[in-house]
Protein chains: 2
Amino acid sequence: MKSFKLGLAAGVLTLGASLVAGAAEVPKLTPEEMKKASQIFFDRCAGCHGMLRKGATGPALTPDITRQRGLQYLETIITNGTPGGMPDWGRQGILTKDEIKLLAKFLMHEPPEPPLMSLAEMKKWWKVYVPPEARPTKPEHNLNWKNFMGIILRDVGKVAIVDGDTKKLVSIVDTGFAVHIFRSSGTGRYFLTIGRDGKATLIDLWLKKPDKVAEVKVCYDARSIDTSKYKGPRGDFMDKLAIVGCYWPPSFVLLDGQTLEPIKIVDTSDYTWDTNEYVREARVASIVASHHDPEWIVSNKEPGKVLIVNYEDPTNLKMHYIDAERFLHDGGWDMSKRYFLVAANMRNKVIVIDSVEKKYVAEIETGVKPHPGRGANFVHARYGPVWCTGHLGSNNVACIGTDPINRSRYAWKLVANIELPGPGGGTLFIKTHPESPHIWVDRPLSAEPKLQRELYVIDKDSLKVIKTINVIEELKKKGYKNIDGRVVHPEFDMYGKEVWVSVWGRKDKPTALVVFDDRTMEIKEVITGDWVRTPTGIFNVYTTTNDIY
Amino acid sequence: MKSFKLGLAAGVLTLGASLVAGAAEVPKLTPEEMKKASQIFFDRCAGCHGMLRKGATGPALTPDITRQRGLQYLETIITNGTPGGMPDWGRQGILTKDEIKLLAKFLMHEPPEPPLMSLAEMKKWWKVYVPPEARPTKPEHNLNWKNFMGIILRDVGKVAIVDGDTKKLVSIVDTGFAVHIFRSSGTGRYFLTIGRDGKATLIDLWLKKPDKVAEVKVCYDARSIDTSKYKGPRGDFMDKLAIVGCYWPPSFVLLDGQTLEPIKIVDTSDYTWDTNEYVREARVASIVASHHDPEWIVSNKEPGKVLIVNYEDPTNLKMHYIDAERFLHDGGWDMSKRYFLVAANMRNKVIVIDSVEKKYVAEIETGVKPHPGRGANFVHARYGPVWCTGHLGSNNVACIGTDPINRSRYAWKLVANIELPGPGGGTLFIKTHPESPHIWVDRPLSAEPKLQRELYVIDKDSLKVIKTINVIEELKKKGYKNIDGRVVHPEFDMYGKEVWVSVWGRKDKPTALVVFDDRTMEIKEVITGDWVRTPTGIFNVYTTTNDIY
């Protein structure tokens, strides 16, 4: 009895205290102001601080903290940023003085509980534009659709499909809001996108003019999507199912792969793997689809667990909850597609999960805030198969041995630590292809404008940077004087001969997609047009389908 | 974008509306009053209405509802009860007028978020009185400990251990608050109890005077506990692990079976299996331990899912989430211990889960609010192995065929519906034993005082009630004039010769344990003493260990 009284008393006292403090010091907001501030917070702040403001990549901003800091302090930080990574929203002109004042006041209030979503609510958002039976049984065009490139046009709410062979624009699809990634269905016929607003889009590449055939919104904040890629003795699941990983509500959602009809919501709120503390806002980061088993590998960020989700029967979901490390973010397969390597970014580690034996294997310190995307795999003469990652916080590409059978000496060890020129980190993506002798590395989040525009080419044998390319300078030499922006997301074509990158500029001005010849490392083609606005991620159908990276 | 704005706006508007409504109409409470009201609510109301007041067995009591009803209405209901099952707390004199007024005011406020508990907080409650290495390697007494009876002395915060052979009191153990159930460890050497306050106690029956050797508190509200009972090719887990199922925080907790050290917390908040709506307060009802596999079968009440939890590696928990039916409550094994039958009480159904193939098998309508305890198993000449349940809301015992191989015609069908005398339901427990020709049925929650005191004996062949026993009247005939109370929880001794029941009276007055001869259905012995206060559940070591019921 006593115990419960104590526990409950503590809870009640907190409530009492916050009511008292609230009455005296917290600036009043009208419902309209709350609504506006909530929206700004969601757009600009929630990604790092969390919808419930309990902190993640950024620090916690709960009222016990913000009320101590005071309005003046909050406004200053929002305006000027911090060296730790907080953007200078005021100085950049992205938020006005009034918006910053409003946001500071909002931060002193209890965070409003963001809305939840049931299956019935999802279905209100669900639209099938072309039902499966009305879709073609073979491609309605003669284009080499396996070499199509899906391009995210981030801030204009669209994606583009470009033919990798001819470099011609095939289609522009209206997806809405900021698309985060593309993934391919098991056969590659469908592209799926997920927006930061939780909207998933299914794009049929066999239509005469590829277009969306279905869409649905399954959460308010999402980052990941994948598809069922297993075909074998346990069934043919190609193109049958999809999964969306949400940030809010904390969940993943199973969808019909042909129509995007939502089937099942799985809560991801959980206890941290180490101290067993409850995390309501436990966000789903990366998801990969197994080729060995009818399973997805799902990273649950804050609790630090990797979930292996068997999708054979959604009414009887079988899951493994593997203790890994906190702050799981992005990750991908090793070359054999048996091991999943995932960054625990705030722990400066990469965690290795065995998808066949379904267990934790190892963890490796690689550098400050590893950000592999899905990583880069190749076979090195000495180390055998390796997997590499770049870093947001340090200027190195780290490579890990991934063959515990034939190269056990190097397995799950750091075998190469390749230094990039210049200070700091800032790398988002690295990419290679089995046919290429190179790894390409970007650096769009460097603090240095010059480095944001650079690409680095690493030689797979010598494990050294053999070329630094300032893409904007190279474009100028070719006569493209007005194209500027950060250079992001190198992507190989299906043959491993070309590397495409985006020039991520301002929304009000078209930029370019730049195609390099992988062997000469020279610009081969520049794709421009009024439609090329805020291009970011580039995804090749063939390599995305087959998890070649 | 639009979608999120809409969603969030709805959330914010709700908040705005509740603030406005709150300011105008909600009676103020001091932090002290909030604390007191929270405690009363927990003690008397949370079991049916939920800690978050979202409703379960009782209706929802969230402020949107309670504020519409108004203070007067709430006070009336709390005082007088309802025909639907709400107790008349005022008329019974359990709550004072002032307490009822306070509770009504409290109900108009937002429910305070009850406290959570991390592993570190649990460990503060954790005590090992006798470490494993200091415990005896064989029993320190010559008593037949496998026939010990564990007796819950509910309202005095203790349990008694009584020798089933001699009927003598062996030990009284201070467990604190209302113990809900006993379970036995795999070998039977340890008794484990769980209190409604989330406190688990480990009692070593081999000590010269059996006593608690460890305790821990793992939640604020709990109902279930079980142990690891698997021994086979995948390991010997006898006495190795324990599990506690919690109501609040919504979770189950894995414990070391020798010391009760908490190992792992698993969140059970989930989406309902059918409409996929989020349930924060998803409560763990029954748990049973598999004898076939290193697994527990866990009923998650509100979401309506049965979880099969593999305990081989707590750092890599493997679970099945089987869609079953909402409002899962108590349940037990069929005779083969392959099938788990569990009541979905507000759905008037029993759900069957196959623990070997780990899947849903069937659902059967049995009557109003089935309450099987663990049920009663026997082999009927015609129907083969059957499993039976009593009902809280209807006066029948329902039996279901459980042999899909040799009696497929009757498997998962209602094969007998045995009527009890008199109106209404009120049965909590039914019990049998393979050596007995009878099933014994209690009725302590009947609305009729006379029926609360009755036991019914059903003949396994004829499937009819062959005797009705008013236990209090029988005691009077034997000269026990002053013993009164509800008669509850028939329990067989290990041999199937005797049936023990509790007379559940008032805390301030000793009552009795009554032992019947199963064959003659006559009183064989009456156990009395000053210690016999508010006895409720009775658990035999042998039958509890081996899941014989």
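The values are calculated or read from the model by the stated rules, or taken from the named source; none is laboratory data. This structure is a prediction, so every number in the text was calculated from the model and none was measured. When we count neighbours, we look across all protein chains shown, and the Cβ atoms used for this are built from the backbone with ideal geometry, even at glycine. Keep in mind that these areas ignore ligands, DNA and RNA; they rest on the heavy atoms of the full protein, side chains included. Shrake-Rupley method; radii C 1.70, N 1.55, O 1.52, S 1.80 Å.
Cross-link partners of A:Lys229 among lysines, defined as those whose alpha carbon lies under 21 angstrom from its own and excluding same-chain residues fewer than eight positions apart: A:Lys138, A:Lys146, A:Lys212, A:Lys240, A:Lys264, A:Lys318, A:Lys337, A:Lys358, A:Lys359. Relative to the longest principal axis of the Cα atoms of chain B, helix B:97-107 runs at roughly 70 degrees. Using a simple spin-label model with pseudo-atoms 7 Å out from Cα toward Cβ, A:Glu32 and B:Asp313 lie 5.9 nm apart. On the beta carbon distance between A:Met86 and A:Glu277, with R0 = 25 Å, the FRET formula returns roughly 0.50. If you take all other residues with their beta carbon under 14 Å from the beta carbon of B:Asp313, and give Lys and Arg +1 and Asp and Glu -1, the sum is +1. In this assembly, the A-B interface accounts for approximately 5000 Å² of buried accessible surface in total, computed with a 1.4 Å probe and without ligands, DNA or RNA. Computed on region A:172-264, with alpha-carbon pairs under 8 angstrom and 6+ residues apart, the relative contact order is 23 percent.
Here A:Lys209 sits with roughly 130 square angstrom of accessible surface, probe radius 1.4 Å. When the charge dipole of the protein assembly as shown is built from unit charges on Cβ atoms (+1 for Lys and Arg, -1 for Asp and Glu) and taken about the Cα centre, the candidate among A:Gly332, B:Gly47, B:Ile439 whose Cα reaches farthest toward its positive end is B:Gly47.
With Cα atoms defining each centre, region B:32-73 and region B:346-410 are spaced 34 Å apart in the structure.
Remark on region A:309-335: accessible area falls by at least 10 square angstrom from chain-alone to full-complex state for A:Thr315, A:Asn316, A:Leu317, A:Lys318, A:Met319, A:His320, A:Tyr321, A:Ile322, A:Asp323, probe 1.4 angstrom. For chain B, adding -39500 (n - 2.57) for each run of n ≥ 4 DSSP H residues and dividing by the number of residues yields -4500 deg cm²/dmol at 222 nm. When the charge dipole of region A:332-467 is built from unit charges on Cβ atoms (+1 for Lys and Arg, -1 for Asp and Glu) and taken about the Cα centre, the candidate among A:Phe429, A:Asn396, A:Asn406 whose Cα reaches farthest toward its positive end is A:Asn406. Relative to the Cα centre, the charge distribution of the protein assembly as shown, modelled as +1 at Lys and Arg Cβ and -1 at Asp and Glu Cβ, gives a dipole magnitude of about 720 debye. Element breakdown for region A:44-178 at a 1.4 angstrom probe: carbon and sulfur atoms account for 52% of the accessible area.
Cys residues of chain B that find no other Cys beta carbon under 4.7 Å: B:Cys45, B:Cys48. Helix B:71-80 and the long axis of chain B differ in direction by around 10°, with both axes built from C-alpha atoms.
Relative to the longest principal axis of the Cα atoms of chain B, the long axis of helix B:2-25 makes an angle of roughly 90 degrees. Residue order by solvent-accessible surface for B:His489, A:His291 is A:His291, B:His489, largest first, with ligands and nucleic acids left out and a 1.4 Å probe.
For a paramagnetic label modelled on B:Asn406 (point 7 Å from Cα along Cα→Cβ), amide N atoms under 20 Å away belong, within region B:429-455, to B:433-438. Estimated translational diffusion coefficient (Stokes-Einstein, Kirkwood radius over Cα pairs, 20 °C, 1.002 mPa s) of region B:369-526: 136 µm² per second. Against the criterion of solvent-accessible heavy-atom surface with a 1.4 angstrom probe, A:Tyr542, B:Tyr271 sort, most first, into A:Tyr542, B:Tyr271. For A:Thr528, the solvent-accessible surface computed with a 1.4 Å probe is close to 70 Å², ligands and nucleic acids excluded.
The residues of the protein assembly as shown expose, per residue, 37 Å² of accessible area to a 1.4 Å probe.
Each residue, A:Arg382 and B:Val356, gets one label point 7 Å from its Cα in the Cβ direction; the gap between the two is 5.7 nm.
At what distance in angstrom do the alpha carbon centres of region A:487-549 and region B:88-146 lie from each other? Taking the Cα centre of each part, region A:487-549 and region B:88-146 sit 62 Å apart.
In this structure, A:Arg234 and A:Glu133 have a Cβ-Cβ separation that, at R0 = 22 Å, corresponds to a calculated FRET efficiency of about 0.25.
Of the listed residues B:Lys524, A:Lys138, B:Lys318, the order by accessible area with a 1.4 Å probe, largest first, is A:Lys138, B:Lys524, B:Lys318. Placing +1 on each Lys and Arg Cβ and -1 on each Asp and Glu Cβ, with no other charges, gives region A:393-549 a dipole about its Cα centre of roughly 360 debye. Considering the dipole of the protein assembly as shown built from charges on the beta carbon (Lys and Arg +1, Asp and Glu -1) around the Cα centre, which of A:Pro115, A:Thr79, B:Ser224 is farthest to its positive end? Most positive-ward Cα: A:Thr79. Note on chain B: Cα-only Rg and Dmax are 23.4, 79 Å. Placing unit charges on the Cβ atoms only, positive for Lys and Arg and negative for Asp and Glu, gives chain A a dipole magnitude near 480 debye about its Cα centre. Between A:Ala447 and A:Asp174, the simple label model (points 7 Å from Cα in the Cβ direction) yields a spacing of 4.3 nm.
Just the protein heavy atoms count here, and of the accessible area of region A:402-496 at 1.4 Å, carbon and sulfur take up 49 percent.
The local environment of B:Arg506, defined by Cβ-Cβ distances under 13 Å, has a net charge of +2 under the rule Lys, Arg +1 and Asp, Glu -1.
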